Amino acid sequence: MTNAVEVAGLTVTYNGQPALTDVTFQAAAGEMIGIIGPNGAGKSTLMKAMLGMTKANRGTVRMLGSDVNQIRKRIAYVPQRSMIDFDFPVRVKDVVLMGSHPHLAWWKRPGKKEKAQALESLKEVGMEEYASRQIGELSGGQQQRVFLARALQQQGEILFLDEPFAGIDVSSERIIIELLRTLKQAGRTIFVVHHDLSKVEEYFDSILLLNQHLIGYGTKEDVFKPELLGRAYEGSIASVSGKDGEIVVMG
Ligand code: ADP
Ligand code: MG
C-alpha cells in the first residue's frame, strides 16, 4: 500500500530560530492522526510546512504520490480558529462556498450546483439553519462546524484541522468527531492538531508527538510512555487517563 503522506527531514526556522527540526514520518491512507505537543511545539508550523504555506528550510513532503503543489486541490485545511478574523462581514453560506474555488476555473463564480452543495455541506454539520447568518455572530463551536463544512465543500482527500476542538461546546465536538470518523471510513486521511492529551486514544489511530523534534509516532501504546511524554512536555505536567489508569508526567 502506498502512503498518503510522506514527510522527510522537514525543517523550519523563523528568523534563524528552529521551530521544526528534521521531522520524518509516513501516514497511510484512511488514518486519523493526532498531532500532539505543548504550546509552541511547532504543531501549526508542521501543518503549514506540509501544505507549503510556510517555507521549509529543508526536507520534502509528498502527498498522494506527488509534490503538494500538484495536488493542492485534493487537500482541505481548516486553520486554527484564533487565526481567523471573525469581524470580517461574511455570511455562513459564503464561507462554505469559498471551498468550491479549487474546483472552479478562476474566471467562474460558484453557480447553482455549488450553492446546493454548500447547503448539503452545512446540513452535514447541522448548520443549515444558519446559512444566512454572519459568521461572527456564531459561537466558537458553530464557527468550527462551518469551517468543517467548507472543508467538505472542498472534497479534499487529505484533511488538515488545526485545533478544531479548542474552546468549543461538547455537542459541536461530538458532531465534528463523528463526521471525521465517517470521512476516515470513506478513505480520507485526516491530520488533527490537538492541544491536550485527553480523548487522544478515543479519537486517533496514530499519535504524532512533537516538540520541535518528532518525539514519538505510532499507536498510543508506542507513544504514551512516561519517557516520551516527559521529553515532549518538559517542564509542564501532562496527565493522561486511559484504560490502565492515569499516567502523570512531570518534567
Ligand atoms: P504550536 O502550534 O505547537 O503552538 P507553532 O507552530 O505555532 O506552535 O510555533 C512554533 C514556534 O515557532 C513558536 O516558538 C512560535 O513562537 C514560532 N513561530 C510560529 N510562527 C511564527 C512566525 N510566523 N514567525 C516567527 N515565529 C513563529
Ligand atoms: Mg498552533
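The values are calculated or read from the model by the stated rules, or taken from the named source; none is laboratory data. Just so it is clear, the model here is predicted, and its values are computed rather than measured. Glycine also receives a Cβ, built like all others from the backbone with ideal geometry; neighbour counts cover every protein chain displayed.
May I ask you to verify whether Gly99 is in contact (Cβ under 8 Å) with a residue 40 or more places away in the chain, part of a helix (DSSP H, G or I) and in contact with a Phe, Trp or Tyr (Cβ under 6 Å, 6 or more places away or on another chain)?
no
Going by the conditions given, is Val78 aliphatic (A, V, I, L, M), modelled with pLDDT under 95 and buried (at least 18 other Cβ atoms within 10 Å of the Cβ)?
yes
Per-residue answers, yes or no, for (1) more than 23 Å from Leu97 (Cα to Cα); (2) within 16 Å of ligand 2 (Cβ to nearest atom):
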{"position": "Glu157", "(1), (2)": "no, no"}
{"position": "Ile177", "(1), (2)": "no, no"}
{"position": "Phe191", "(1), (2)": "no, yes"}
{"position": "Leu210", "(1), (2)": "yes, yes"}
{"position": "Asp222", "(1), (2)": "yes, no"}
{"position": "Lys225", "(1), (2)": "yes, no"}
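Which ones in segment 1-36 are farther than 25 Å from Glu157 by Cα and either among the acidic types (Asp, Glu) or under 14 Å from the mean Cα position of the chain (by Cα) (or both)?
Asp22
Given Arg62, Arg109, which one is in a loop (DSSP other than H, G, I, E, B) and charged (D, E, K, R)?
Being in a loop (DSSP other than H, G, I, E, B) and charged (D, E, K, R) holds for just one of Arg62, Arg109, which is Arg109.
Cβ-Cβ under 7 Å, sequence separation 6+ or interchain: first residue in segment 151-170 and within 16 Å of ligand 1 (Cβ to nearest atom), partner among the polar types (S, T, N, Q). Which pairs?
Asp162/Ser44; Asp162/Gln80; Glu163/Gln80; Pro164/Gln144
What residue, among those in segment 18-62 that are buried (at least 22 other Cβ atoms within 10 Å of the Cβ) and over 21 Å from Thr189 (Cα atoms), is farthest from ligand 1 (Cβ to nearest atom)?
Selected residue: Leu20.
Under 6 Å between Cβ atoms, which residue pairs at least 6 apart in sequence (or on different chains) link something in segment 188-214 that is on the phi > 0 side of the Ramachandran plot with a partner that is crowded, with 20+ Cβ neighbours inside 10 Å and part of a loop (DSSP other than H, G, I, E, B)?
Gln212/Gly42
Would you check which residues across segment 65-94 are part of a loop (DSSP other than H, G, I, E, B), away from ligand 2 (no atom under 16 Å from the Cβ) and within 21 Å of Arg188 (Cβ to Cβ) and list them?
Across segment 65-94, the qualifying residues are Gly65, Ile71.
Looking at this structure, is Leu104 modelled with pLDDT under 95 and more than 26 Å from Gly218 (Cα to Cα)?
yes
I need a count of the residues in segment 38-52 that are touching a residue at least 24 places away in the same chain (Cβ under 8 Å) and either more than 9 Å from ligand 2 (Cβ to nearest atom) or among the hydrophobic types (A, V, I, L, M, F, W, C) (or both). Even if it seems obvious, please write down each step before you answer.
Just the residues of segment 38-52 that are touching a residue at least 24 places away in the same chain (Cβ under 8 Å), to begin with: 38-39, 41-47, 49-51.
If we keep only those that are either more than 9 Å from ligand 2 (Cβ to nearest atom) or among the hydrophobic types (A, V, I, L, M, F, W, C) (or both) too, we end up with 38, 41, 46-47, 49-51.
So the answer is 7.
Within segment 210-227, is there a residue that is hydroxyl-bearing (Ser, Thr, Tyr), assigned to a loop (DSSP other than H, G, I, E, B) and at pLDDT below 90?
No; the residues of segment 210-227 include none that is hydroxyl-bearing (Ser, Thr, Tyr), assigned to a loop (DSSP other than H, G, I, E, B) and at pLDDT below 90.
In segment 120-131, is there at least one residue being part of a loop (DSSP other than H, G, I, E, B) and crowded, with 23+ Cβ neighbours inside 10 Å?
Looking for residues that are part of a loop (DSSP other than H, G, I, E, B) and crowded, with 23+ Cβ neighbours inside 10 Å, one finds at least one in segment 120-131, hence yes.
Would it be correct to say that Ile175 is at pLDDT 90 or above and in a helix (DSSP H, G or I)?
Answer is yes for this residue.
For segment 8-24, indicate whether the set of residues that are outside any loop (DSSP other than H, G, I, E, B), among the aromatic types (Phe, Trp, Tyr) and within 12 Å of Leu210 (Cα to Cα) is non-empty.
no
Is it fair to say Leu152 is surrounded by 16 or more Cβ atoms within 10 Å (Cβ to Cβ), outside any loop (DSSP other than H, G, I, E, B) and modelled with pLDDT of 95 or more?
no
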